[in-house]
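Colleague: Here's a structure for you.
The values are calculated or read from the model by the stated rules, or taken from the named source; none is laboratory data. Worth saying up front: this structure is predicted, and the values here are computed from it rather than measured. Because the Cβ atoms are built from the backbone with ideal geometry, glycine has one as well, and the counts that use them run over all protein chains shown.
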């Protein structure tokens, strides 16, 4: 009987050690340093992320910043390889690679726009997630679109292409003597286009481009601590 008990204890310890090893290999802790994902994540949120090789549209992902790979970024995956992205003043539009029929089947007509001879879904991730917002704030005079206009003069480093859409409802700006009211980008194969949920205060793919799959760490799961806001403990990230 004693031998059986000892055997069971050894088995229990071995399983426990294996569980800890698996946890350490597949999960990692991060602290949120900025407000780019507010109100989904707040500064000083300490989160647990799960290591993953594949991610889906809408996931809040952790990745190595392509221009500085030793740094980790966290943002929402809004488009994947072969998807197309349009950004206009306070609106993000996606033409999903599955095409027009997929968009018509899965999205409400009131959220679908027709540009460039194809259908686009306007702000697709805001339907179910009220944390995503375009709030300029009292300290900002220029919105992100205006900042993008300034940055786009350097075509060698800026990610999106300045274009003009035939839509009188869109505000038109001048850029190098031409009319501009939108930015366009097609996501590269095996890559992701990411944007912060605090969209007027986020430095993301709109400026520096795609995140290659090789830079992916995984998906954020839960806030386990915030010493400034204890009510954040246990908040699931979606």
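Colleague: Quick one: residue 147 ticks every box in (1) in a helix (DSSP H, G or I); (2) in contact with a strand residue (DSSP E or B) (Cβ under 6 Å, 6 or more places away or on another chain) bar one, so which box is it?
Modeller: (2)
Colleague: Which of the residues spanning segment 177-206 are assigned to a loop (DSSP other than H, G, I, E, B) and more than 16 Å from residue 74 (Cβ to Cβ)?
Modeller: 177, 181, 187, 188, 189, 190, 200
Colleague: Select from segment 83-111 the residues that are surrounded by fewer than 15 Cβ atoms within 10 Å (Cβ to Cβ) and at positive phi and list them in ascending order.
Modeller: The answer is 99, and nothing else.
Colleague: While we're here: Every residue in segment 32-43 that is modelled with pLDDT of 95 or more and either in a strand (DSSP E or B) or loosely packed, with under 15 Cβ neighbours inside 10 Å (or both), please.
Modeller: Correct list: 39 only.
Colleague: Looking at segment 58-68, which of the residues that are assigned to a loop (DSSP other than H, G, I, E, B) and touching a helix residue (DSSP H, G or I) at 6+ places or on another chain (Cβ under 7 Å) is farthest from residue 156 (Cα to Cα)?
Modeller: The selected residue is 58.
Colleague: Within the set of pairs 6+ apart or on separate chains, which have a first residue in segment 31-42 that is at negative phi and without any contact (Cβ under 8 Å) to a residue 60 or more places away in the chain, a second that is surrounded by fewer than 19 Cβ atoms within 10 Å (Cβ to Cβ) and assigned to a loop (DSSP other than H, G, I, E, B), and C-beta atoms under 6 Å apart?
Modeller: 32/43
Colleague: Based on this model, can you work out whether residue 132 counts as in contact with a helix residue (DSSP H, G or I) (Cβ under 8 Å, 6 or more places away or on another chain) and at pLDDT 95 or above?
Modeller: Judged against the criteria, residue 132 is a match.
Colleague: I would also like to ask the following. Tell me, yes or no, whether segment 158-170 has at least one residue that is at pLDDT below 95 and under 24 Å from residue 77 (Cβ atoms).
Modeller: Checked against the condition, which is being at pLDDT below 95 and under 24 Å from residue 77 (Cβ atoms), segment 158-170 yields at least one hit.
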